[in-house]
Amino acid sequence: MFVKLFFVFCALTVTNVENKYRLKQVIILSRHNVRTPLANNLNEVSPKPWPHWKEKRGYLTSKGAYLEGVMGGYFSAWLKKEGLLRNVCPTEDIFYAYANAKQRTVVSAMSFIDKAFPNCNVKVHFKEESDPVFNPVIHNTTTVFKNIALREMKTRLKHLSLNNSLLFVENILDYKDSEQCKNKNECDLLNNKNKINYAVGCKPYITGPLKIGKSVIDAFIMSYYEGFSMKDVAWNSINDNKHWQLLMEISIGYHDIIFNTTLVAKDIAAPLIKYMSDIFINKEESPKITLLMGHDANIQTVLNSFNFKAYTLRNQFEKSPVGGKIVFQKWFDEDHKRDLLKINYVYQSTEQLRYGLNLTFEHPPEFTLLELKNCTADKNGFYIWDDFTSFLKSLL
Ligand SMILES: *[C@@H]1O[C@H](CO)[C@@H](O)[C@H](O)[C@H]1NC(C)=O
Ligand SMILES: *[C@@H]1O[C@H](CO)[C@@H](O)[C@H](O)[C@H]1NC(C)=O
Ligand SMILES: *[C@@H]1O[C@H](CO)[C@@H](O)[C@H](O)[C@H]1NC(C)=O
Ligand SMILES: *[C@@H]1O[C@H](CO)[C@@H](O)[C@H](O)[C@H]1NC(C)=O
Ligand SMILES: *[C@@H]1O[C@H](CO)[C@@H](O)[C@H](O)[C@H]1NC(C)=O
């Protein structure tokens, strides 16, 4: 009871502060929603039958489209409440959607819009799949850069300790009975070697046990969100959150190596950060609301580049959940006649995803405050806008 009262009290104070301020502009950097597993070799790593998916490999599922629509409905209600949207179809100076051209990102953005602005015909802009703004590839062509990047990635790889996680995956898969083991003599996730693959113009990736682990966990977690019965989620071997966490360590470790060393993250994210900073700094006429629909690679490299403090996402196993959004908000403080910045990670909890729960003001998505190491926030998480833009310029 006391705990409950306390939280209600906190929520009220925060709302009061934001009532004093007026929301002026928002950039929503989003990951697409639930898709089918990406790996094409799952049958080789386990003798057990994998669940069937209706959609093609790597495509947004209809559940994913539904879930992203739920997000769209919530954001539209929120942005109306804050006065940034009105009850009419938005023009592109109010709302602008830009997605990577992959099916899962374009359809995610369309699903968001369909529910945010029903019958409005709001367009999703996209270019080609290799659109540099979203393509998470290495740009820097120098050998100096390559040497530092590889050294940093190798250090991360060396310090991973994932034995328990990998052993768990081996058991779940029956790995010793898999084609991979029988035909390629790769039978041991703990001892088989990992290799970091690095090339200019390409996304860095790892081959070996970590990649296998990451791929199967991706399949498990998507099956879970999709709402499959537990016999079709890792063949009923995941019993509790501890198990999920043990598994997720592999996928977090994998992404930590390829996307979370600072030099590489900044290099990969540079075009996207340039695009966002043009909206925030340079363009007078930039849209009030921009939806950028990309991938976890985009979210992770942007998070690293901005040098955020470590964060934990309540009620989520993933570090960059499907449908999750980094929401940069520009607020106006009337009393002091100044602009402020606040940044939240807004995402659906695992339950909201699995059970397809609607999002309302009574049952909102999760909001986690993101804090910059390089600027000083007030006690409610607001930064002085000009501090933020000078920091942003230092990233370009
Ligand atoms: C490439 O990386 C090197 C080493 O970090 C750096 O000095 C150089 O400025 C980078 N070049 C570009 C074009 O970013
Ligand atoms: C993890 O397993 C490998 C291979 O069996 C072993 O060499 C290593 O010492 C183990 N690491 C830890 C921390 O137990
Ligand atoms: C990235 O690295 C930082 C610092 O090393 C760490 O706090 C953070 O959890 C990492 N992020 C991810 C997504 O692994
Ligand atoms: C879901 O929530 C939105 C507000 O966030 C509301 O407009 C909509 O009516 C709700 N849908 C259902 C089916 O309850
Ligand atoms: C941001 O803070 C980090 C330490 O966390 C520091 O190394 C870096 O130089 C700072 N960047 C700027 C632009 O102040």
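The values are calculated or read from the model by the stated rules, or taken from the named source; none is laboratory data. Treat the numbers as computed from the prediction; the structure is a model and nothing was measured. Note that we place each Cβ from the backbone using ideal geometry, even for glycine, and neighbour counts take in every protein chain shown.
In the range 70-108, what residues are assigned to a helix (DSSP H, G or I) and within 18 Å of Thr36 (Cβ to Cβ)?
The answer is Gln103, Arg104, Thr105, Val106, Val107, Ser108.
Any residue in the range 106-120 that is of a type in the set (Phe, Trp, Tyr) sitting within a Cβ distance under 7 Å of a residue that is assigned to a helix (DSSP H, G or I)? List the pairs, counting only those 6 or more apart or interchain.
Listed pairs, sorted by first residue: Phe112/Glu68; Phe112/Gly69; Phe112/Met71; Phe112/Gly72; Phe117/Ser76.
Could you check, for the range 366-375, whether at least one of its residues is of a type in the set (A, V, I, L, M), closer than 23 Å to Phe259 by Cβ, under 14 Å from the mean Cα position of the chain (by Cα) and within 16 Å of ligand 4 (Cβ to nearest atom)?
Looking for residues that are of a type in the set (A, V, I, L, M), closer than 23 Å to Phe259 by Cβ, under 14 Å from the mean Cα position of the chain (by Cα) and within 16 Å of ligand 4 (Cβ to nearest atom), one finds none in the range 366-375, hence no.
Those residues that are surrounded by 13 or more Cβ atoms within 10 Å (Cβ to Cβ), β-branched (Val, Ile, Thr), in a loop (DSSP other than H, G, I, E, B) and within 16 Å of ligand 1 (Cβ to nearest atom), I need them from the range 109-163; list them, please.
Within the range 109-163, Val137, Ile138 qualify.
Just checking, does the range 275-286 include any residue being touching a residue at least 12 places away in the same chain (Cβ under 8 Å), away from ligand 5 (no atom under 16 Å from the Cβ) and farther than 29 Å from Cys89 by Cβ?
No: the range 275-286 contains no residue that is touching a residue at least 12 places away in the same chain (Cβ under 8 Å), away from ligand 5 (no atom under 16 Å from the Cβ) and farther than 29 Å from Cys89 by Cβ.
I need a count of the residues in the range 162-183 that are under 25 Å from Gln245 (Cβ atoms) and charged (D, E, K, R).
Count: 3.
So which of Tyr347, Tyr383, Tyr355 is within 16 Å of ligand 3 (Cβ to nearest atom) and either under 23 Å from the mean Cα position of the chain (by Cα) or more than 30 Å from Gly58 (Cα to Cα) (or both)?
Result: Tyr347 is the single residue among Tyr347, Tyr383, Tyr355 that is within 16 Å of ligand 3 (Cβ to nearest atom) and either under 23 Å from the mean Cα position of the chain (by Cα) or more than 30 Å from Gly58 (Cα to Cα) (or both).
Would you check which residues across the range 190-239 are within 18 Å of Arg156 (Cβ to Cβ), away from ligand 1 (no atom under 16 Å from the Cβ) and of a type outside the set (A, V, I, L, M) and list them?
Listed by number, the residues that qualify are Lys193, Asn194, Lys195, Asn197, Lys203, Tyr205, Thr207, Gly208, Pro209, Lys211, Gly213, Lys214.
Residue-by-condition table, conditions (1) of a type in the set (Lys, Arg); (2) over 16 Å from Glu249 (Cβ atoms); (3) in contact with a helix residue (DSSP H, G or I) (Cβ under 7 Å, 6 or more places away or on another chain):
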site: Ile138; (1), (2), (3): no, yes, yes
site: Thr141; (1), (2), (3): no, yes, no
site: Asn147; (1), (2), (3): no, yes, no
site: Leu160; (1), (2), (3): no, no, yes
site: Leu167; (1), (2), (3): no, no, no
site: Leu173; (1), (2), (3): no, yes, yes
site: Glu179; (1), (2), (3): no, yes, yes
site: Glu186; (1), (2), (3): no, yes, yes
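Answer yes or no: is there a residue in the range 95-109 that is within 16 Å of ligand 4 (Cβ to nearest atom) and either modelled with pLDDT under 95 or more than 30 Å from Thr207 (Cβ to Cβ) (or both).
Checking the range 95-109: not a single residue is within 16 Å of ligand 4 (Cβ to nearest atom) and either modelled with pLDDT under 95 or more than 30 Å from Thr207 (Cβ to Cβ) (or both).
Within the range 192-295, which helices (runs of 4 or more DSSP H) (wholly inside it) include 2 or more residues that are within 16 Å of ligand 4 (Cβ to nearest atom), touching a Lys or Arg at 6+ places or on another chain (Cβ under 7 Å) and farther than 25 Å from Ala99 by Cα?
Qualifying helices (runs of 4 or more DSSP H): none found.
Evaluate the following for Ile258: is it in the same structural domain as Thr91 (by TED's automatic domain parsing) and at pLDDT 95 or above?
no
Filter the range 343-388 down to the residues that are within 16 Å of ligand 5 (Cβ to nearest atom), β-branched (Val, Ile, Thr) and buried (at least 17 other Cβ atoms within 10 Å of the Cβ) and list them by number.
Selection gives Ile343, Ile384.
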